[in-house]
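Below is one structure, written out as structure tokens, with a few remarks after it.
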Amino acid sequence: MNQQVCVVVGVGEGNGAALARAFHREGVTLALLARGTAFITSLAAELDNARAYACDVTDAAAVRDAFARIRSELGEPSSVVYNAGAGVWGDIESIDPEAFENAWRVNAYGALLVSQQVIPAMKAAGSGTIVFIGATASRRGGPRTAAFAPAKAAQRSLAESMARSLWPHGIHVALIAVDAIVDMPRTRRSMPDKPDSFFLRPDDMAASAVWLSKQPRSAWTFEIDVRPFGEKW
């Protein structure tokens, strides 16, 4: 059987790196995508069967070129984890229109571009997995999420439309709605008074993505929420 190829889109030092390491432990070949290559090149060097690809998901030509290289060098992707995101904060009176547009382009438009690159081969194979890393902001607009919430809502609606369309073809589309502050050095520095239990550990979130990718077809899940046990919701 051909080696499975997993593409992780939006690989940084938090959730993206955790997702890459989690799927690496599953024995797949990895394509790591990010706008800049310094971090993903270093991470790829740590992992067997991993390659780094520069890609701006808001640029249709860049997405097309990146996936052409992946297909040529690694083969057709059997799974994609879309972790690219733009967290833009502000209320409706203060949010910059360009920032609003960019949030949508990263969270929703890029998700569309990436998905269209892998769906044809997945349909032909009768199998595949596409997991989106979303947010509970997709279901509720807070005062300071005038850009972030609409962008994540668009992403969630796209994912749901894809799931209804693609599940019958054997392609498992799922979404992880994150409701937490991710445990990273910068968030620890900005919230030094918060206990360990306050933060979402990236490795634990990544384990949920792997679980989704391994679900049997008779019991697929579309959406799960992940949050620390003490989170108020």
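The values are calculated or read from the model by the stated rules, or taken from the named source; none is laboratory data. Owing to the predicted nature of the structure, the values given are computational and were not obtained by experimental measurement. Reconstructed Cβ throughout: ideal geometry from the backbone, glycine too, with neighbour counts over all protein chains shown.
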- Taking Ala108, is it within 15 Å of the chain's Cα centre (by Cα), under 24 Å from Ala86 (Cβ atoms) and assigned to a helix (DSSP H, G or I)? yes
- Message: Could you tell me how many of the residues in region 119-148 are over 20 Å from Val81 (Cα atoms) and either in a loop (DSSP other than H, G, I, E, B) or touching a Gly at 6+ places or on another chain (Cβ under 8 Å) (or both)?
- Response: 7
- Note on the structure: Checked region 180-204 for anything closer than 20 Å to Gly85 by Cα and assigned to a loop (DSSP other than H, G, I, E, B); matches are Ala180, Asp183, Met184, Arg201
- Query: All but one of (1) in contact with a Phe, Trp or Tyr (Cβ under 7 Å, 6 or more places away or on another chain); (2) closer than 26 Å to Leu30 by Cβ hold for Ala151; which doesn't?
  - Reply: (2)
- Exactly one of Ala146, Ala180 is touching a Leu at 6+ places or on another chain (Cβ under 6 Å) and modelled with pLDDT under 95, and that one is Ala180
- Here are Ala207, Ala163, Ala177: which of them is under 19 Å from the mean Cα position of the chain (by Cα) and either farther than 22 Å from Ser127 by Cα or in a strand (DSSP E or B) (or both)? Ala177
- Query: Considering only residues of region 210-222 that are in contact (Cβ under 8 Å) with a residue 12 or more places away in the chain and in a helix (DSSP H, G or I), which is farthest from Val7 (Cα to Cα)?
  - Reply: Arg217
